Amino acid sequence: MENIHKIFDGHNDVLFRLYLKNKKNAELDFINGDNEGHLDLPRIVKAGFSGGFFAIYIPSQEENIVSADTPIRYDDMKNNSYELPLPKEIATDIALPIALEKAALLTSIEKKSIGKIKICKSSNDLTNAISNNQIAVIMHIEGAECIDKNFNNLELLFNLGLRSIGPVWSRPTIFGHGVPFKFPSSPDTGEGLTDLGKELIRHCNRMGIIIDLSHLNEKGFWDTAKISSSPLVATHSNAHTICPHSRNLTDKQLDAIKDTDGMVGVNFAPAFLRPDGKMLADTDLELIIKHFDYLIERLGENRVGFGSDFDGALMPNQIKDVVDLSKIRSLMQSHGYNQELMKKICQDNWIELAQKIIN
């Protein structure tokens, strides 16, 4: 393979895609390559993808999901303005079995890959995996519905490899309130963290778990900023100044992330890229570079990376799958990104961020 900059990605939902297959040994489809969705092992290797945050997401009970990248009411997000109603809160006893099933799926992928994939439970694991050309995986929970109020499940999942967690995925949890899919809108859309949510932040700090703020509303963001001793992280969010969507980060939020030496991963979903907020596949890849440029200028070149949302969102039509990351690299180079900056944005910034937090 040509000498390219490896990419470590802040967010993907391939476990959700495989879960939706509802079949035995779905992990083998990933390992052998099913050529579905955006990610499988053969395409990951071909793309020069060194790893990333693999999300465990709990689907809402009322969702009629056909595939991982077509959630409910995407058509509404093609309008000039919209606000999708948030699904109801999910009880812990419903969420936990699903989370454990997906954690088991990821563990099985690691085992059956025969050394090609590594779930990283420590900074040393991460460093060694990258050095050994393994796919380095950080197990992430997107929405903490599976965590009980006594935090017993947090300890359980930590022992399985959990090292990153988002307190919410847009819909409310016992820990806080997320942002709706709303355009145009500020991220200041409601109440922030609950008392349990503030306790969750403290537990994550103590345990060395990354806290992902991508779906949390603005009040929850500032609640976290006041409490957390770790860098502030948004694994898959963009610049609100370019795209005024509730899911994106204001300049004030970006400044707070910079002040804590945190990170933002650029999300490829068109609704969070486009100034008009529309979820349209016919979206110019130059917008991804525009968000990279803006975030680098605001945060500095050490605090920006990829946060694709592969297998969890619609992609611009020029990105068929992970192999098309080569197009993003080419655009970065054509926009004057030098080799040192490319290396930071593509991989090193995420690795260094994780090393600051994961014990």
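Where a number appears in this text, it was derived from the coordinates with a stated rule and is not lab data. No experiment lies behind these values; they were computed from the predicted model shown. Note: ideal-geometry Cβ built from the backbone for every residue, glycine included; neighbour counts use all protein chains shown.
With r defined as the distance between the Cβ atoms of L28 and Q318 and R0 fixed at 30 Å, what FRET efficiency is calculated, to the nearest 0.05?
For R0 = 30 Å, the calculated efficiency reads 0.50.
FRET efficiency for Q61 and N205, Cβ-Cβ distance as r, R0 = 35 Å, nearest 0.05?
Approximately 0.65, to the nearest 0.05.
Antiparallel DSSP bridges in the range 7-357: what percent, to the nearest 5?
15
With each label point set 7 Å from Cα along the Cα-Cβ vector, what nm distance links N159 and S186?
Rounded to a tenth, the inter-label distance reads 4.5 nm.
Taking springs between alpha-carbon atoms closer than 10 angstrom, which of N32, N267, N238 fluctuates most in the Gaussian network model of the chain?
Maximum fluctuation in the GNM of the chain, among the listed residues, is at N32.
Let's test the formula: R0 of 30 Å, r as the Cβ-Cβ distance of Q355 and A281. What FRET efficiency results, to the nearest 0.05?
Using R0 = 30 Å, I get an efficiency of 0.25.
What is the extension gain from H335 to Y74, computed as 0.36 nm multiplied by their sequence separation minus the C-alpha to C-alpha distance, in nm to one decimal?
90.8 nm
Under Stokes-Einstein, with the Kirkwood radius over Cα pairs standing in for Rh, what whole-number D in µm²/s applies to the range 7-357 at 4 °C and 1.567 mPa s?
My calculation gives 66 µm²/s for D.
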